[in-house]
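A.B. asks: Just passing along the structure, written as structure tokens.
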Amino acid sequence: MLFFSLAFCYSARGKGNSCNAKDGNPFGPFWDTYNIDFVKSEFYGPLHYDVYHTDMAMQWKKQYPALHWPVLAFTGAPASFPVQLENKKLHKYVEWNTDMLNKAVTFIKQTLPKGAFVGIHLRNGIDWVCI
């Protein structure tokens, strides 16, 4: 088991004063896949992810300089949901690694019927509160 010293979250999740980074699905199974466990929590609130409308990027760099914080392991996605219109153009820069891309292409060719298809990412629980 590898140990990350810190799990980052805005505030405590669940029981106790902890991020409880492995509580629930997909969190537990995701980290278990890589044999990673956490020994402490770091609460980054009131910082947030809206770097477009505020000086938030500078505040993150001041609070968590890369020299001392080279890896940040978050309990959730490091972006606001739904995506802000101002940030939509950044999606064109997302690139899948070759292995992941090949797995997706193989799955599509071997599993889905020929022709066009629609991919749907179903949301549940707290996600709907954010809409």
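None of the figures in this text is laboratory data; all of them are computed from the coordinates on show. The shown structure was predicted, so the numbers you read here are calculated from the model rather than taken from an experiment. Neighbour counts run over all protein chains shown; Cβ positions are idealised from the backbone, glycine included.
A.B. asks: How would you order 15-21, 110-116, 47-53, 65-71 from highest to lowest mean count of nearby Cβ atoms within 10 Å?
C.D. replies: 15-21, 47-53, 65-71, 110-116
A.B. asks: Which ordering of Ser11, Ser80, Ser41 is given by a fewest-first count of other beta-carbon atoms within 10 Å?
C.D. replies: Neighbour counts put them in this order, fewest first: Ser11, Ser80, Ser41.
A.B. asks: Which residues does a label at Tyr44 reach in region 75-105, if reach means a backbone N under 16 Å from a point 7 Å past the Cα toward the Cβ?
C.D. replies: 75-81
A.B. asks: Based on DSSP H runs of at least 4 residues, each adding -39500 (n - 2.57), what is the mean residue ellipticity at 222 nm of the chain after dividing by all its residues, to the nearest 500 deg cm²/dmol?
C.D. replies: Rounded to the nearest 500, the figure is -6500 deg cm²/dmol.
A.B. asks: Report the one residue of Ile36, Pro65, Ala116 whose Cα lies farthest in the direction of the positive end of the charge dipole of the chain (charges on C-beta: Lys and Arg +1, Asp and Glu -1; origin at the Cα centre).
C.D. replies: After comparing all options, I get Ala116.
A.B. asks: Note the direction-averaged projected area, equal to a quarter of the hull surface, for the Cα convex hull of the chain, in nm². Display every interim value, and only then the final one.
C.D. replies: Details: hull surface 43.7 nm².
About 10.9 nm², averaged over all directions.
A.B. asks: Quick one: angle between helix 98-111 and the longest Cα principal axis of the chain, in degrees between 0 and 90, rounded to 10, please.
C.D. replies: 40 degrees
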